[in-house]
Amino acid sequence: MKISVFGLGYVGSVSAGCLARDGHHVIGVDVNSAKVDALVNGRSLVSEPGLSELVAAHSKTGRLRATTDGFQAVLATDMSLICVGTPSNSNGSLNLDYIEAVCREIGTALGQHSGYHLVCVRSTVLPGTTRNMVMQVLEQQSGKRAGTDFGLCMNPEFLREGCAIADYQEPSQIVMGGLDEKSSDIAMQMYDGIDALRIRTTLETAESVKYACNTFHALKVAYANEIGNICQAHNVDGQEVMRIFCNDRKLNVSEKYLLPGFAFGGSCLPKDCRALVYRAKEKDVETPLLRAVLESNQMQIERSIRMVEQTDHKRIGVLGLSFKSGTDDVRESPVIVLVETLVGRGYDVQIYDPNVKPEELFGANRSFLAQTLPHVAKLMQPDVDALVANCDVLVVTNGSEEFRQAVLAADGSKMIIDLHGITKHSKEYNGNYKGICW
Ligand SMILES: NC(=O)c1ccc[n+]([C@@H]2O[C@H](COP(=O)([O-])OP(=O)(O)OC[C@H]3O[C@@H](n4cnc5c(N)ncnc54)[C@H](O)[C@@H]3O)[C@@H](O)[C@H]2O)c1
């Protein structure tokens, strides 16, 4: 392919070098003439292991060229990769000035381009930017239509500085957000020969994945540091603790607990978060992240309450009372807070949970129920069909297959509030469906 790479910083230089190595004809474009001159002379001003060699080799083969003239570069190529910087503004918002400038330049050239050209955003941009800003500027400047006259993709970059070329060669995955199938098909050809999981998705999902990744990486560092600081205050080696922690690939370093949905609860997580935060306070260790966990969880419960309130219905059927499916443990179940609040605000609530039979609960579980929701027995409905018949809104709180069947049987006649995702995509529900995070 013939590819223009706009922005010869870390991402652009590495992409340009690797694309040339993989057989593509690349024109690097930058407003900084020093970077362009260096590349023209077979050097890179970006310091990355292996990059100098790639640049030197492929400026000789002629597959890697550079210019400050973006207009001509677009006319001479089939695809433009946007790799310019997206720094922070002083208030923390994302500065899109470089993206906008480069889109104007590409758009102007697109207006003169005789064939189909694809524009692919590799810079990190917030959800909606590619469709609402990049596409609009390109269309305005070129007078052409995205999807018909030119293609549009968002392909987030996951490389790490210091091992960027190795990461390019062996990416954890290739995520291609496309305006349409044709755009994604063409953009994916960049990576022919690279062995990796390929994901095709929407522009907005691709943009969001990048932020999910980077904020998670940041969260991991901050979390490990807080745990380490608490460990040190107990004369425990925090690094050893986290090494052992990482041995658990089943629950800790795994897919578990990473699907958005309802709040956590149960007899352990809330209690243990509280205890550790309290102990840290006693030891004068600051744990802003751990302190925020329970608050964030509470916000998720409040979000579910607002979802019910926004339906403007009063008869609410709640599917599931325990904190997760397949257990009768109701201690600190977030559903109890949801139910209590709704009852307190005058809603007519019924609950169905085949695992929870108040008359059969024992010990701590029973006293928890008695204390937090004394009238729960009155709200429990043993027959799921009767509960569905008696309500206008069904709230699905966990992933029980029985609940999914109950929602399907309601056949769009009830408003569905899905806090788990089990009934997602099952049906259209006549538009009577709301998911908590989707
Ligand atoms: N650095 C990383 O490790 C990394 C990893 C993944 C994603 N990203 C994202 O990729 C993007 C680029 O990051 P970077 O670190 O390579 O940035 P950088 O600041 O190193 O390079 C950006 C380059 O764009 C050039 N530029 C600015 N305006 C231009 C224009 N109108 N035309 C042509 N070139 C122009 C600049 O001169 C500069 O050389 C950012 O959105 C960043 O968040 C960076």
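To one decimal place, what Kirkwood hydrodynamic radius in Å is obtained for segment 159-207 from all pairs of distinct Cα atoms?
Kirkwood hydrodynamic radius for segment 159-207: 11.5 Å.
Considering the options 377, 146, 285, tell which one lies farthest towards the positive end of the dipole of the chain, charges being +1 on Lys and Arg and -1 on Asp and Glu at the Cβ, about the Cα centre.
285
Expressed in nm to one decimal, what extension gain is obtained for the pair residue 383 and residue 136 from 0.36 nm per residue of sequence separation less their Cα-Cα distance?
83.5 nm
In the chain, which Cys residues have no partner Cys with a Cβ closer than 4.7 Å?
Singleton cysteines: 18, 83, 103, 163, 213, 231, 246, 268, 273, 391, 437.
Among the lysines, which have Cα under 23 Å from the Cα of residue 314 when same-chain residues fewer than 8 positions away are ignored?
In chain and number order, the partners are 378, 414, 434.
Relative to the longest principal axis of the C-alpha atoms of the chain, give the angle of the C-alpha long axis of helix 363-372, reported between 0 and 90° and rounded to the nearest 10°.
90
When the chain is fully extended, how far beyond the present Cα-Cα distance does residue 256 get from residue 161, taking 0.36 nm per residue of separation?
Going from the current span to full extension adds 31.4 nm.
Report the trypsin sites (Lys or Arg not before Pro) located in segment 193-262 that are in a DSSP loop and have at most 16 other Cβ atoms inside 10 Å of their Cβ, or state none.
Taking segment 193-262 and a limit of 16 other Cβ atoms within 10 Å, the loop trypsin sites (Lys or Arg not before Pro) found are 249, 250, 256.
Label residue 205 and residue 275 with points 7 Å out from Cα along Cα→Cβ: what is the distance between them in nm?
My value for the distance between the label points is 4.1 nm.
Using DSSP to call loops (not H, G, I, E or B), can you name the trypsin sites (Lys or Arg not before Pro) in segment 94-192 whose Cβ has at most 14 other Cβ atoms within 10 angstrom?
Those satisfying the criteria are 145, 160.
Could you pull out every residue, at least 5 positions away or on a different chain, whose amide H is within less than 5 Å of the one on residue 395? Hs are placed 1.01 Å off N in the peptide plane, and Pro or chain starts have none.
Amide H neighbours of residue 395, under 5 Å, 5+ apart: 317, 318, 319, 417.
Out of 58, 234, 425, any idea which swings most in a Gaussian network model of the chain, alpha carbons joined below 10 Å?
425
From the Cα gyration tensor of segment 2-212, with a ≥ b ≥ c the square roots of its eigenvalues, which class applies: rounded if a/c is under 1.5, or else prolate if a/b is larger than b/c, or else oblate?
Rounded, since a/c falls under 1.5.
Please go through the residue pairs 35/220; 35/60; 60/210; 324/424; 182/256 and name each one whose alpha carbons sit more than 25 Å apart in this structure.
35/220; 60/210; 182/256
Helix 97-110 versus the longest principal axis of the chain: what angle, 0 to 90°, nearest 10, using Cα atoms?
Result, in degrees: 60.
Using DSSP to define loop residues, name the chymotrypsin sites (Phe, Trp or Tyr not before Pro) in segment 224-273 whose beta-carbon has at most 12 other beta-carbon atoms within 10 Å.
When the chymotrypsin sites (Phe, Trp or Tyr not before Pro) of segment 224-273 are filtered for loop state and at most 12 Cβ neighbours within 10 Å, 257 remain.
Excluding residues on the same chain fewer than 8 positions from residue 283, give the aspartates and glutamates whose Cα lies under 18 Å from its Cα.
Hits, sequence-local ones excluded: 226, 237, 272.
Mean residue ellipticity at 222 nm from the helices of the chain, using -39,500 (n - 2.57) per DSSP H segment of n ≥ 4 over the full residue count, to the nearest 500 deg cm²/dmol?
About -13500 deg cm²/dmol.
Considering amide H positions built from the backbone, and no H for Pro or chain starts, which residues 5 or more places from residue 433, or on another chain, come under 5 Å of its amide H?
416
Dividing the Cα convex hull volume of segment 267-328 by residue count, how many Å³ per residue is that?
100
Take the eigenvalues of the Cα gyration tensor for segment 298-435, scale each by 5, and report the square roots as semi-axes in whole Å, largest first.
Those come to 23, 16, 14 Å.
Among 295-302, 410-417, how do they line up by average Cβ neighbours within 10 Å per residue, starting with the highest?
Most protected by this proxy first, the peptides run 410-417, 295-302.
Can you tell me the Rg and Dmax of the chain, counting just the alpha carbons, in angstroms?
27.3, 82
Is segment 229-268 best put as rounded, prolate or oblate by its Cα gyration tensor, with a ≥ b ≥ c the root eigenvalues, rounded for a/c under 1.5, and otherwise prolate when a/b is larger than b/c, oblate when not?
Oblate shape, in that a/c is at least 1.5 and b/c is the bigger or equal ratio.
What does the C-alpha gyration tensor say about the overall shape of segment 1-125? Classify as rounded when a/c is under 1.5, otherwise prolate if a/b is larger than b/c, or oblate.
oblate
Which part of segment 166-190 falls in the paramagnetic zone of residue 53, meaning amide N under 19 Å from the point 7 Å along Cα-to-beta-carbon?
Counting backbone N atoms under 19 Å from the label point, the list is 166-171.
Report, in degrees rounded to the nearest 10, the 0 to 90 angle that the Cα long axis of helix 269-282 makes with the longest principal axis of the chain.
80
Every number in this text was worked out from the coordinates using simple rules, so none of it is lab data. Keep in mind it's a predicted model, so treat the numbers as computed, not measured. Note: ideal-geometry Cβ built from the backbone for every residue, glycine included; neighbour counts use all protein chains shown.
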